[in-house]
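Worksheet: one structure, shown below.
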2 protein chains.
Amino acid sequence: MYIGGDAPVSVQSMTNTDTRDWKETVCQIRKLESSGCEIVRVAVPDMEAARMLGVIKRKIGIPLVADVHFDFRLAVEAISQGVDKVRINPGNIGSREKVESIITAAKRARIPVRIGVNSGSLKTVGGKGGTGAEEMVSSALGHIKIFENLNFHDIVISLKASSLADTVSAYRLMASKCHYPLHLGITAAGLKLGGTVKSSIGLGILLSEGIGDTLRVSLTADPAEEVRVGKEILKALGLRKEGLEIVSCPTCGRCEIDIIGIAEKVEKGLKGMSRQVRVAVMGCAVNGPGEAREADIGIAGGRRAAVLFRKGKVIRKIREKDIAKTLIREVRKLRK
Amino acid sequence: MYIGGDAPVSVQSMTNTDTRDWKETVCQIRKLESSGCEIVRVAVPDMEAARMLGVIKRKIGIPLVADVHFDFRLAVEAISQGVDKVRINPGNIGSREKVESIITAAKRARIPVRIGVNSGSLKTVGGKGGTGAEEMVSSALGHIKIFENLNFHDIVISLKASSLADTVSAYRLMASKCHYPLHLGITAAGLKLGGTVKSSIGLGILLSEGIGDTLRVSLTADPAEEVRVGKEILKALGLRKEGLEIVSCPTCGRCEIDIIGIAEKVEKGLKGMSRQVRVAVMGCAVNGPGEAREADIGIAGGRRAAVLFRKGKVIRKIREKDIAKTLIREVRKLRK
C-alpha cells in the first residue's frame, strides 16, 4: 500500500472499539477489510492500548496506523509494536524534543508519520489564535520544518476542519506549498446523511482538482459506512473504476415498472463484484433507451415490461417480474 | 418563488406517482412540501394527465411544473390548466413550429419554460452524435435561439448527464455563454447512497463556483430523500443557514460515551427546527472542547459523562444519560 505519487487514492477508516480490547478491535478491522477498507487507524489513548498494537497488527491484513495525542511515549511504544504509520496531532504533543523522539523512532522503523492538523484541536489547544485555513497550514508547515531538520521526509499531511470551506481552502493552500502526500478528510462531519453530503462535496472538489492521495470520510455512524462513502466518492470521480456502477432513474409518473425495487435487487445481487460493469435501470422511453444503450447491460421500462440492451444492442423484451434476475444473469455472463 | 438573480437556490423534486391519479399525486406533493420541497414537477405522459394538472395545482402550496416530452399539445394543455412552469426536452418535441406553439402559450400565460437537455435523451433521439458537454450546450443554445426569436426570455436551462464530469463541464460552459438561470442536476444518478454522493460532488462543485440557481437531486428512492439531500448540499456550502447543524465526531477508541446514539437523538429531537443553530456532539478531549466551544451548544465527552458548553463557555458536567435531553433543552432555550 503506497500513498502518494501515482498510487491510487486509498480509502481509510478508523475503529471505534476500545483498542485495549484487541479481540473486538480485530473483529471490527476485519469487517472493515471486507467492506474494502485499505488502511485502518486505531486510537491509542494510553499505554495499555499501545501495547496491544502488536497483537492487533499480526491478526489483520491491512496497514495499521496508530493515532496518538498528548503523550509522545505512546507513539514511541506504538512504533516498537510494529505499526505501519503513526498519526500525530503536532499541536498537542508538546515540546520540540518530544516530537523529535517520535521522528527518531519512526525513522529507525522506516515508517511514515502523518502530521494531522485538526481545527478542533487547534481550537482546543488555543495557540496563536485563528483556526482557519491559513492557521492550519502554518501549523503544519511549522511541524514539517522540525521533521525536515531531522532529515525525515516520509510525511503525510492532513488539514481537517469541520467547516467545508476551511477544509477546501487549507488543502488547496497546502498543495501549492508542498509536495508531500495529502490525506483528505472533513472532521466531525456529522451523522450519516449530513456527513456523507459534506464529505462528498469537500473531498470531491479537492480530488477533482487533483488534490489528495488518501482519504477518510468521518461519519457519526458505523465505520463501514465511511468506507462505502469513500469508495463511492472515488467511483463518482472516475478515480476507481472497478465494481458495479448503477445508472438508474428516480422514476416519475411516466414509469410503469418498480425501478426502485429492481435497482435495489440488482445492487444487492451483484454486491462485491470487482470487475467494472455499468448497468442502466431506466423507467421509460424518454431517457431510458439512451442510457441503456450506453451501459454494458441495461433496461428501458415500458408497460409492466422492459427492453433489454446488451453492449448497445436491443436483445429482447422481458416481463417486469424477470427484469432484476435477467440483469443479474446478464452481468454474470459478461464477467466470463 | 423566484429562480435566478439574488434569489436563494431552491430545492426541487418530482413525484413518482401516476399523475392521472390526482389524489395520490397531491398526497405525495404535500409530503414533499412538508419535507421542505420548494418546487415540484410532475410527469405529463398523456392528455389525461395534462387535464389533471388544474386540480392538482389548486390543492398544493408550492409551484407546479409540468414535465412534457414528445407531444407539444401536452405542454399547451398543461399551461391552460394553470401550471407555474413547463419543462420541455427540446430534442424530443419535434419541429420548430411545435416548440413555437409551446412558447406562445407560455408567453400568454406569463410562465417560464425550462429547456431541459438530458444526455440520456440526446442518446435516445440520436441527432448530431456525441452526448458530451459541448453537444448538450449546443443543443440548449439552438433552442434558446428559437425562444429568443419569439422574444421570450423567461427561460431556465438544465444540462443533465449521468456522468458527473460531463454534467460539471456542461454547466460551466453554459454559465460562460449565457445569463439564464441554471437548474442543476445529475440525471439517473443511481440509488440512495451512490446517487447522494454523485449529486453532492457534482452540484457541490458547481454551486461552490457560483453556478446554479435551483437544483434537483435525482435518486432512485423516495422523492423526499431528494429534498433532504438537496437541503444538506446547500447547508454544507453555507447557502442555506437555517436549521440545525450537527458537528459530531465519528467516535474512536478514545470515546467513552455513545456519541452515535446521542447525536441521532439530538437530530431527531430537534427535527424541523427552522432557526440556525450549531450543536457539537464530540467524544473526547482531543477535538471536543474546541468544537464544543465554537458551537452554540456543545458537549465534549469524558468518562461516562461530558462537559456542557454554551456559546463558548463551560457550563457544567453532565452524566451520559442526560446528555441528549440536556442538549435538546439547551437548544430550545436558545430559541426564545
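The values are calculated or read from the model by the stated rules, or taken from the named source; none is laboratory data. No experiment lies behind these values; they were computed from the predicted model shown. FYI the Cβ positions are ideal-geometry reconstructions off the backbone, even for glycines, and counts take in every protein chain you see. Accessible surface areas use protein heavy atoms only, side chains included; no ligands, DNA or RNA. Shrake-Rupley method; radii C 1.70, N 1.55, O 1.52, S 1.80 Å.
Name the pairs whose Cβ atoms lie under 6 Å apart, with the first residue in segment A:290-304 and away from every other protein chain (no Cβ under 12 Å), the second part of a strand (DSSP E or B), and 6 or more positions between them or separate chains?
These pairs meet every condition: A:Asp296/A:Val277; A:Asp296/A:Arg278; A:Ile297/A:Val279; A:Ile297/A:Arg310; A:Ile299/A:Ala306; A:Ile299/A:Leu308.
Given the criterion over 30 Å from A:Ile39 (Cβ atoms) and open to solvent by less than 10 Å² (accessible area, probe 1.4 Å), identify the matching residue among A:Glu226, A:Glu291.
Just a single option satisfies the conditions, and that option is A:Glu291.
When A:Val279 is evaluated against the numbered criteria (1) on the phi < 0 side of the Ramachandran plot; (2) touching a helix residue (DSSP H, G or I) at 6+ places or on another chain (Cβ under 8 Å); (3) open to solvent by 10 Å² or more (accessible area, probe 1.4 Å), which criterion, by number, is the only one it fails?
(3)
For segment A:43-89, which positions are out of contact with any helix residue (DSSP H, G or I) (no Cβ under 6 Å at 6 or more places or on another chain), open to solvent by less than 20 Å² (accessible area, probe 1.4 Å) and farther than 20 Å from A:Phe147 by Cβ?
A:Ala43, A:Ala49, A:Gly54
Consider B:Ser162 carefully, then state whether it is at the interface with chain A (Cβ under 9 Å from one of its Cβ atoms), under 26 Å from A:Gly195 (Cβ atoms) and either open to solvent by 30 Å² or more (accessible area, probe 1.4 Å) or not in a helix (DSSP H, G or I) (or both).
Yes, satisfied.
Residues of segment A:53-96 being of a type in the set (D, E, K, R) and at pLDDT below 95, which ones?
A:Arg96
Got a sec? Which of B:Leu334, B:Leu308 is farther than 25 Å from A:Asp71 by Cβ, among the aliphatic types (A, V, I, L, M), out of contact with any Leu (no Cβ under 9 Å at 6 or more places or on another chain) and away from chain A (no Cβ under 11 Å)?
Only one candidate qualifies: B:Leu334.
Restrict the check to segment A:110-121 and report whether at least one residue is without any contact (Cβ under 8 Å) to a residue 40 or more places away in the chain, at negative phi and surrounded by fewer than 20 Cβ atoms within 10 Å (Cβ to Cβ).
no
Go over the candidates B:Lys317, B:Lys325, B:Lys321 one by one and state the one that is out of contact with any helix residue (DSSP H, G or I) (no Cβ under 7 Å at 6 or more places or on another chain), part of a strand (DSSP E or B) and open to solvent by 90 Å² or more (accessible area, probe 1.4 Å).
Unique residue meeting the criteria: B:Lys317.
Residues that are farther than 23 Å from A:Pro223 by Cβ, more than 29 Å from the chain's Cα centre (by Cα) and at pLDDT below 95: does segment B:271-292 have at least one?
Scanning segment B:271-292 turns up at least one residue that is farther than 23 Å from A:Pro223 by Cβ, more than 29 Å from the chain's Cα centre (by Cα) and at pLDDT below 95.
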